[in-house]
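Undergrad: Sharing a structure here in structure tokens format.
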Amino acid sequence: MNLNGFDHFWQQAVDVMWGLPLVFLVAATALYFAFLCRLLPFLRLRHTFDLLRGRYDNPGDPGEIPHFQALSSALSGTIGMGNIAGVAIAISMGGPGAIFWMWMAGLLGMCTKFFTCTLACMYRQRDEDGIAQGGPMYFIEVGLGHRFKPLALMFAVCGMMGCLPLFQANQFAGLLQALTGLVAMFFVGAVILGGIRRVGAVTSRLVPLMFIVYFFSSMLVIISHYEIIPALFAEIFSAAFGGQAVLGGAVGLTFKEVLVTGVKRAVFSNEAGLGTEALAHGAAQTGEPVREGLVAMTGPFIDTIIICTLTALVILSADVSPSGNGVAMTADAFEQTLPYLGSVVLLITFSLFAVSTMISYSYYSVKCARYLLGKRIGGQYVYIYLLLIPVAASWNQATAVNIIDTAFALMVIPTLTATTLLAPKVVEEMRRYFKELE
């Protein structure tokens, strides 16, 4: 197959996989989970913040890292290209109304993460060293039984491919030139070779820094356009059911196009339902699985409701043209309002976003490899991962995106199938925990 044929194959694959049926599956299961839990986890936010502050941490509990580090590890994977490039692409393809559906999918995604990450700690399996490991492949096999193991294998195989650093390295090199592929390889290697404890320690420092820098730089842009912000929110709501886009690239959009674009971009942004988040939260040190579910559900709020909204307002408040390159659109929006400073801020934040995502994804990818091949052989997969960082830096961007997107779509199927089947068990555990808490 020649290069054009290779590119075409992956383009066709992603078009088939990310159609309306998969988007419906993601939305329908999230609504089902919200109905089952009666939104009770949302009423326990004060308790969730206590968990994040370490009030209930117990070094003797099974797992490897505290609640906050587990959340940081998961957020370092989700806060990245989806928040910068993904939002810009959503606006270009679906108009401002796509942001409304990103919000809706983000809020419902909080319920999905509560269920998947509670399961990740309910059904853990000890590895060769006796360390409890959690994630979709484990809760599929342990929770549903051996006859469902093909679903677990499907997730692990697709996770090895879907969590490769193809797109992050590609975008990072496009921003800072090819040398950064090698720089990123050595930095990511220095972190991931230290295991999940070092990943948790590094990301617990990187994520707050990333959030603070991006939050305040975005607020500078938004405040400078404060007079039009109410109108932008009105446009987002009015365009949510189809209509004309502000940026002129998407005119006369149907409701289906706006809906699918918003939900799809939200899933790529916060990864609710993909199962990657459960790989990180499955390493949390806790004897109460519901606690980790509560911590995990804050992820989509931080990722989609806060950070993606900031990016959307920055882009919509600026006079930028639609582009196939989401990073370029966002950079143009910052540069217009904050000349010179804007490009520096985006350079710093995007570099942090890209590298932190590669760190978390390396853990996810190797964890899947260890499940399939055992800890000794599967652990060597980390070197393949690291070598692909400089290689991917020179890849065709569209092909890199399509390969990852296709793998992600295939990860959704086993994750949400198993979570739906095991959801009543989560509800039982939730009711017991809340009753004992009271």
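The values are calculated or read from the model by the stated rules, or taken from the named source; none is laboratory data. Note that the coordinates shown come from a computational prediction; the quantities given were computed from them, not determined experimentally. No Cβ is skipped: glycine too gets one built from the backbone with ideal geometry, and neighbour counts run over all protein chains shown. With ligands, DNA and RNA removed, areas are computed over all heavy atoms of the protein, side chains included. Shrake-Rupley method; radii C 1.70, N 1.55, O 1.52, S 1.80 Å.
Undergrad: Using amide H atoms built 1.01 Å from N in the peptide plane, name the residues 5+ places from A272, or on other chains, whose amide H lies under 5 Å from its own.
TA: none
Undergrad: Within the set of other residues whose C-beta is less than 15 Å from the C-beta of K435, count the net charge using Lys and Arg as +1 and Asp and Glu as -1. Walk me through the numbers on the way to the answer.
TA: On the way: positive: R38, R44, R291, R431, R432; negative: E288, E428, E429, E436, E438.
Net charge around K435: 0.
Undergrad: So, one more: Which net charge results when you count Lys and Arg as +1 and Asp and Glu as -1 among the other residues whose beta-carbon is under 13 Å from that of N402?
TA: Numbers: positive: none; negative: D7, D15, D405.
With Lys, Arg at +1 and Asp, Glu at -1, the neighbours total -3.
Undergrad: For the range 1-138, what relative contact order do you get, as a whole percent, if you take Cα pairs closer than 8 Å and at least 6 residues apart? Show your work: numbers first, answer last.
TA: On the way: 64 pairs, mean separation 33.6, N = 138.
Relative contact order, the range 1-138: 24 percent.
Undergrad: Suppose R0 equals 41 Å. What FRET efficiency, 1/(1 + (r/R0)^6) with r the Cβ-Cβ distance, do A190 and S321 give to the nearest 0.05? Could the numbers behind the result be given before it?
TA: On the way: r = 40 Å, r/R0 = 0.97.
Result of the calculation: an efficiency of 0.55.
Undergrad: What does the convex hull of the alpha-carbon atoms of the range 258-304 project to on average, in nm²? Mind showing how you got there, number by number?
TA: Numbers: hull surface 13.7 nm².
If I average the Cα hull's projected area over directions, I get 3.4 nm².
Undergrad: Defining a contact as two alpha carbons under 8 Å apart and six or more residues distant in sequence, what relative contact order in percent does the chain show?
TA: Once divided by the residue count of the chain, the mean separation gives 35 percent.
Undergrad: List every DSSP H helix in the chain whose Cα atoms extend 27 Å or more along the helix's own long axis and whose mean Kyte-Doolittle hydropathy is at least 0.0. Please report the intermediate quantities before stating the final value.
TA: Details: long enough: 97-122 (38 Å, 1.38); 195-224 (43 Å, 1.44); 341-373 (47 Å, 1.27); 397-437 (51 Å, 0.56).
Span-like helices here: 97-122, 195-224, 341-373, 397-437.
Undergrad: Taking H placed 1.01 Å from N in the peptide plane, check which residues at least 5 places from A318 or on another chain put their amide H under 5 Å from its amide H.
TA: none
Undergrad: I would also like to ask the following. Tally Lys/Arg at +1 and Asp/Glu at -1 over every other residue whose Cβ is under 14 Å from the Cβ of L279; what's the total?
TA: Values: positive: K113, R124, K367, R370; negative: E64, D127, E271, E277, E292.
Result for the local shell: -1.
Undergrad: Using bins 10 angstrom wide from zero, how does P(r) for the chain break down, in % of all Cα pairs?
TA: Per 10 Å bin, starting at 0, the Cα pair percentages come out as 5, 23, 34, 27, 11, 1, 0.
Undergrad: Mind checking the dipole of the chain: about its Cα centre, +1 per Lys or Arg Cβ, -1 per Asp or Glu Cβ, Debye to the nearest 20?
TA: Values: 25 positive and 26 negative charges, 205 e Å.
The dipole of the chain has a size of about 980 debye.
Undergrad: How do D129, D303, D61 stack up against each other in accessible area, from largest to smallest, with a 1.4 angstrom probe? Kindly include the intermediate steps, with their values, before the conclusion.
TA: Details: D129 100, D303 0, D61 30 Å².
Putting D129, D303, D61 in descending order of accessible area: D129, D61, D303.
Undergrad: Taking chymotrypsin sites (Phe, Trp or Tyr not before Pro) that fall in a DSSP loop and have at most 16 other Cβ atoms within 10 Å as cut points, what is the longest piece of the chain between them? List each step's numbers first, then the result.
TA: Details: sites that count: Y56, Y340.
The reported range is 57-339.
Undergrad: In nm, give the distance between the simple-model label positions of F35 and Y340, each being 7 Å from the Cα along the Cα-to-Cβ direction.
TA: Spacing of the two 7 Å Cα→Cβ label points: 5.8 nm.
Undergrad: Obtain the nm distance between the two label points defined at F216 and E428 by a simple spin-label model: each point lies 7 Å from its Cα along the Cα-to-C-beta direction.
TA: 5.0
Undergrad: Do any trypsin sites (Lys or Arg not before Pro) in the range 3-97 lie in a loop, going by DSSP, with at most 16 other beta-carbon atoms within 10 Å of their beta carbon, and if so which? Let's see the in-between values first.
TA: Numbers: sites: R38, R44, R46, R53, R55; in loops: R38, R53, R55.
Counting only loop positions with at most 16 other Cβ atoms within 10 Å, the trypsin sites (Lys or Arg not before Pro) in the range 3-97 are R38, R53, R55.
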